[in-house]
1. Do we find that residue 33 is surrounded by 10 or more Cβ atoms within 10 Å (Cβ to Cβ), within 14 Å of residue 99 (Cβ to Cβ) and hydrophobic (A, V, I, L, M, F, W, C) in this structure?
2. Within the group 71, 61, which residue is surrounded by fewer than 15 Cβ atoms within 10 Å (Cβ to Cβ), under 13 Å from residue 15 (Cα atoms) and either out of contact with any helix residue (DSSP H, G or I) (no Cβ under 8 Å at 6 or more places or on another chain) or among the β-branched types (Val, Ile, Thr) (or both)?
3. Does the range 88-112 hold any residues that are among the polar types (S, T, N, Q) and closer than 14 Å to residue 57 by Cα, and which are they?
4. Mind checking which pairs have a first residue in the range 97-119 that is closer than 17 Å to residue 75 by Cα and a second that is part of a loop (DSSP other than H, G, I, E, B) and of a type in the set (Gly, Ala, Ser), Cβ under 6 Å, 6 or more apart or different chains?
5. Looking at the range 28-58 only, could you name the residues that are out of contact with any helix residue (DSSP H, G or I) (no Cβ under 8 Å at 6 or more places or on another chain) and among the small types (Gly, Ala, Ser)?
6. Between a first residue in the range 18-33 that is assigned to a helix (DSSP H, G or I) and a second residue that is surrounded by 12 or more Cβ atoms within 10 Å (Cβ to Cβ) and among the basic types (Lys, Arg), which pairs have beta carbons less than 9 Å apart while being 6 or more apart in sequence or on different chains?
7. Filter the range 44-53 down to the residues that are surrounded by fewer than 14 Cβ atoms within 10 Å (Cβ to Cβ), part of a strand (DSSP E or B) and either touching a Gly at 6+ places or on another chain (Cβ under 8 Å) or of a type outside the set (D, E, K, R) (or both) and list them by number.
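The values are calculated or read from the model by the stated rules, or taken from the named source; none is laboratory data. Every value quoted in this text rests on a predicted model; they were computed, and no experiment measured them. Every residue, glycine as well, gets a Cβ built from its backbone with ideal geometry; the counts of neighbours run over all protein chains shown.
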Amino acid sequence: MSNDTLVTLVGNVATEVKQHGSGDDEVARFRLAVAPRRWDRQREQWVDVPASFYTVWARRSLAANLSSSLSIGEPVVVHGRLRVREEERDGRWRCSADVDAVTVGHDLARGTSAFKRVVKVESFLTDRPKDSVPYAARA
C-alpha cells in the first residue's frame with residue numbers, strides 16, 4: 001500500500017497543454033487554476049478567494065488525449081497524486097504543488113462534453129509476417 005496523498009481538484013485550465021515524447025514515454029502538462037468562492041458573513045455575499053495554481057502532469061494515453069480535449073478556460077476535475085516541491089532559485093526558497101494525474105475530465109456541473117473513445121489497434125493483430133500466406137490462398 002502506498003502513502004501517496006490523493007487529491008481531487010476542481011478548477012479551470014489556465015495554460016495550453018504541452019506535450020513531450022511519444023508512446024509510453026509521452027508526458028503532458030498544464031496549469032490548473034483553483035479559485036474558490038467563500039460566503040462573507042459581514043457583507044452577506046459571495047467573494048472570490050485568490051486562486052491557487054497547480055501543475056498537472058499526465059503520462060502515456062492520458063497525456064496523448066489531453067491536448068485534443070482541453071482548452072484554456074475550460075472547467076475540469078483532476079484526480080491524482082499530490083507532490084509538493086521546495087527549491088531554491090535566485091537565493092529564494094519557492095514552493096510549488098504538482099499533481100500526477102490519474103484521471104482528468106470536464107466538470108459537467110458547469111457545461112456539457114462529448115466523449116469520443118480512442119480506438120487503439122495492436123500492431124501484432126494487424127501486421128502479418130512477411131512470409132505468411134493469406135488464409136484464402138492456403139486451400
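1. yes
2. Working: 61 fails: under 13 Å from residue 15 (Cα atoms).
Exactly one residue qualifies, and that residue is 71.
3. Answer for the range 88-112, where residues must be among the polar types (S, T, N, Q) and closer than 14 Å to residue 57 by Cα: 96, 103.
4. Close Cβ pairs satisfying both conditions: 106/113.
5. 33, 35, 51, 52
6. 23/60; 24/59; 24/60; 25/59; 25/60
7. 45, 46, 47, 52
Let's see how each residue does on (1) within 22 Å of residue 118 (Cβ to Cβ); (2) in a loop (DSSP other than H, G, I, E, B); (3) in contact with a His (Cβ under 7 Å, 6 or more places away or on another chain); (4) at pLDDT 95 or above:
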position	(1), (2), (3), (4)
38	no, no, no, no
42	no, yes, no, no
57	yes, no, no, yes
61	yes, no, no, no
77	yes, no, no, yes
82	no, no, no, yes
85	no, no, no, no
96	no, no, no, no
100	yes, no, no, yes
